[in-house]
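The values are calculated or read from the model by the stated rules, or taken from the named source; none is laboratory data. Here the structure is a predicted model, which means the values were calculated and not measured. Cβ atoms come from the backbone with ideal geometry, glycine included; neighbour counts cover every protein chain shown. Side chains are part of the model used for accessible areas, which takes the heavy atoms of the whole protein and leaves out ligands, DNA and RNA. Shrake-Rupley method; radii C 1.70, N 1.55, O 1.52, S 1.80 Å.
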Amino acid sequence: MPITHLLYLHGFRSSPRSTKAQLVQERIAQRHPGVTLWCPQLPPSPHEAMDRVMQGIANWPRRRMAVIGSSLGGFYASWVAEQTGCRAAVLNPAVFAARDLATQVGVHPSWHEPQESFEFKAAYVDELRALAVPAITNPDRYYALIAKGDEVLDWREMSAHYRGAHMRLLEGSNHAITEFADHLDEVLAFLDLAS
């Protein structure tokens, strides 16, 4: 059953203006105009972020929706996929978000709007812990695009967490997956979007 609704979740300090989010939006508009795409700006609180997402997709058809998530958005995408049973594509996904972001408590500039800042509170680490997916329940529903050259996250942890999923391991590359445009068609083909 082709996917008619697609959710895109950005990473920590990122936004819907990220290069990957923009590429997804452009490709959907060009080749899949019948697909509803939602790429929300996520608040710093993981609990609030997932509340906003679940409210936003409350009326979406579960069997015809999918989610793409990058980095922390990949962590969130896995949680959404486990809650809804939908397909998910994760791009250099954070696996141990609570551990990795425990060092980021404080005020940070937004990546795409450096004049804007947000506070990542210590309580948010506990919120991330509560959202952790210890193991994906149906690897067949997941596609993982993982760069061995990721300078932020360990590709071995990512590939172990998504073992059994459809996986593309990139030699080199980086956390941003600079050549994401070269792999986007494969990601969208896995998700089986409606035309």
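Some points to look at:
- In the set (1) under 16 Å from the mean Cα position of the chain (by Cα); (2) of a type in the set (Ser, Thr, Tyr); (3) open to solvent by 70 Å² or more (accessible area, probe 1.4 Å), the condition left unmet by SER195 is number (1).
- Unmet requirement for ALA130, which otherwise passes all of (1) modelled with pLDDT under 95; (2) open to solvent by 70 Å² or more (accessible area, probe 1.4 Å): (1)
- Being open to solvent by 70 Å² or more (accessible area, probe 1.4 Å) and among the charged types (D, E, K, R) is a property that does not hold for GLU179.
- Condition broken by SER173, with the remaining ones in (1) farther than 13 Å from LEU91 by Cα; (2) more than 17 Å from the chain's Cα centre (by Cα) satisfied: (1)
- Matching residues in the range 30-42 - criterion: being open to solvent by 70 Å² or more (accessible area, probe 1.4 Å) and either farther than 23 Å from MET54 by Cα or among the basic types (Lys, Arg) (or both): GLN30, ARG31, PRO33
- Among the residues of the range 150-166, those that are in contact with a Pro (Cβ under 9 Å, 6 or more places away or on another chain), open to solvent by 30 Å² or more (accessible area, probe 1.4 Å) and without any contact (Cβ under 8 Å) to a residue 40 or more places away in the chain comprise ARG163, GLY164, HIS166.
- Residue match in the range 74-87 (condition: over 11 Å from the mean Cα position of the chain (by Cα), surrounded by fewer than 17 Cβ atoms within 10 Å (Cβ to Cβ) and at pLDDT 95 or above): yes
- Which numbered condition ALA49 fails, given (1) crowded, with 20+ Cβ neighbours inside 10 Å; (2) outside any helix (DSSP H, G or I): (2)
- Residues located in the range 100-118, provided they are of a type in the set (Asp, Glu) and either surrounded by 12 or more Cβ atoms within 10 Å (Cβ to Cβ) or over 21 Å from the mean Cα position of the chain (by Cα) (or both): ASP100, GLU116
- Qualifying residue in the range 150-168 (condition: farther than 22 Å from ARG13 by Cβ and of a type in the set (Ser, Thr, Tyr)): yes
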